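The values are calculated or read from the model by the stated rules, or taken from the named source; none is laboratory data. This one's a predicted model, so the numbers in the text were calculated from it and none came from an experiment. With ideal geometry, Cβ positions are generated from the backbone for all residues, glycine too; neighbour counts draw on all protein chains shown. We work out accessible area using only protein heavy atoms, side chains counted, and drop any ligands, DNA or RNA first. Shrake-Rupley method; radii C 1.70, N 1.55, O 1.52, S 1.80 Å.
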Amino acid sequence: MARVIVVTSGKGGVGKTTSSAAIACGLALAGKKTAVIDFDIGLRNLDLIMGCERRVVYDFVNVINGEASLNQALIKDKRVDNLFVLPASQTRDKDALTKEGVARILHDLDEMGFEFVICDSPAGIETGALMALYFADEAIVTTNPEVSSVRDSDRILGILDSKSRRAEQAEEPVKQHLLLTRYNPARVASGDMLSVQDVEDILHIPLLGVIPESQAVLNASNKGEPVIFDTESDAGLAYGDTIARLLGEERPFRFLEEEKKGFLKRLFGG
């Protein structure tokens, strides 16, 4: 059975699509057949970050409406075998998604031998977000270390516990993971940002990854190349650690402490 994992948050702009792209690429690089689906109907950003926007012919809603087959709409990544993107529609309303249609697509992906299906959810609790959450086996709750972002993520945890298919059918609960993004140890030390421990104390879910604040993320997005391919950057390495943990490997958390500057860096302001 494919593991259906939703990447979600209560607040926008926390790095869900960046994380969905990096996680999907990392799983495929680990040899797992992976599909990543954009649930943000009407906006569609995942294909830009994945660098396949010019190759979009059919989309998620076309498949649901029977206007194209799933095989026609899936875009095969050019860099990694076993990685496919199902883009969202830019021209349809968010209500175009139906439970029956999404269930059929997830079933077909499972039949096609996909091991992981990553669902890139819109922020908040509108239709696309609720649809992505409903079918999840696991949830990667993405938050910045700020009070408003963490508070909104707590609301998402309540929805996962009460409105998911697993909750409706009294099955094993959706497995929840915490992904902390844009973490800056210097700002934590100065009291301008919540610490990892602060966020864990509020949300009480297992920590999967901590992604440091990094210019490399913006650079990668602008190039249409997920940041996990930048193996020289802290962010790329942190996503690599995150994927290893998702696959059951134990790894220490890095980039949680402020880098100590050497004498020459202090002298010349580097």
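Counting 0.36 nm for each residue step from Ser162 to Ala244 and taking away their Cα separation leaves a gain of 26.6 nm. Using the Karplus relation 6.51 cos²θ - 1.76 cosθ + 1.60 with θ = phi - 60°, the per-residue 3J(HN,Hα) values for segment 239-246 come to 5, x, 4, 4, 5, 4, 5, 4 Hz, with x marking Gly and Pro. Multiplying the residue separation of Glu257 and Ala189 by 0.36 nm and subtracting their alpha-carbon distance yields 23.6 nm.
Take the convex hull of the alpha carbons in segment 19-68; its mean projected area over all directions comes to 4.0 nm². When the trypsin sites (Lys or Arg not before Pro) in segment 45-86 are filtered for DSSP coil states and for at most 15 other beta-carbon atoms within 10 Å of their beta-carbon, the remaining sites are Lys78, Arg79. By how many degrees, 0 to 90 and rounded to 10, does the Cα axis of helix 99-111 deviate from the longest principal axis of the chain? Between helix and principal axis, roughly 80 degrees. For segment 133-187, the per residue solvent-accessible surface stands at 43 Å², with DNA, RNA and ligands left out and a 1.4 Å probe.
When Arg165, Arg151 are compared by accessible surface with a 1.4 Å probe, the order from highest to lowest is Arg151, Arg165.
Counting every C-alpha pair in segment 124-233, the share spaced more than 21 angstrom apart comes to 46%. For the chain, the pair-distance distribution built from all alpha carbon pairs, in bins 10 Å wide starting at 0, is 7, 31, 36, 19, 5, 2, 0 percent. Just round it to a whole percent: the fraction of Cα-Cα distances in segment 74-143 exceeding 18 Å. Of all Cα-Cα distances in segment 74-143, 44 percent exceed 18 Å. Stokes-Einstein diffusion for segment 29-121, with the hydrodynamic radius set to the Kirkwood value over Cα pairs and evaluated at 37 °C in a medium of 0.692 mPa s, equals 250 µm²/s. Amide hydrogen proximity for Thr181: with H placed 1.01 Å from N in the peptide plane, the residues at 5 or more positions away or on another chain lying under 5 Å are Thr143, Asn144, Ile211.
If I model segment 121-189 as equal point scatterers sitting on the Cα atoms and use the Debye formula, what is log10 I(q)/I(0) at q = 0.13, 0.15, 0.27 Å⁻¹? Once normalised to I(0) and log-transformed, intensities are -0.39, -0.50, -1.24. The GluC sites (Glu not before Pro) of segment 164-240 meeting both criteria, a DSSP state outside H, G, I, E and B (loop) and at most 16 other C-beta atoms within 10 angstrom of the site's C-beta, are Glu171, Glu232. Near Val57, once Lys and Arg are set to +1 and Asp and Glu to -1 for all other residues with Cβ below 12 Å from its Cβ, the sum equals -2.
Over all alpha-carbon pairs in segment 38-191, figure out the percentage whose distance exceeds 18 Å. It works out to 62 percent of all Cα pairs. When the solvent-accessible area of the chain is split by element, carbon and sulfur atoms take up 49 percent of it, the probe being 1.4 Å. Between the beta carbons of Glu100 and Glu53, assuming R0 = 35 Å, the FRET efficiency works out to 0.80 to the nearest 0.05. Between the Cα long axis of helix 16-29 and the first principal axis of the chain there is an angle of about 80°, rounded to the nearest 10. Each part gets one Cα centre, and for segment 17-37 versus segment 143-157 those centres are 24 Å apart.
For Leu83, neighbours were defined as the other residues whose beta-carbon sits under 11 Å from its Cβ, and their charges (Lys and Arg +1, Asp and Glu -1) total +3.
Taking the DSSP beta bridges with both ends in the chain, the antiparallel portion is around 5 percent.
For Gln176, nonlocal amide neighbours, meaning residues 5 or more places apart or on other chains whose placed amide H falls under 5 Å from its own, are Ala139.
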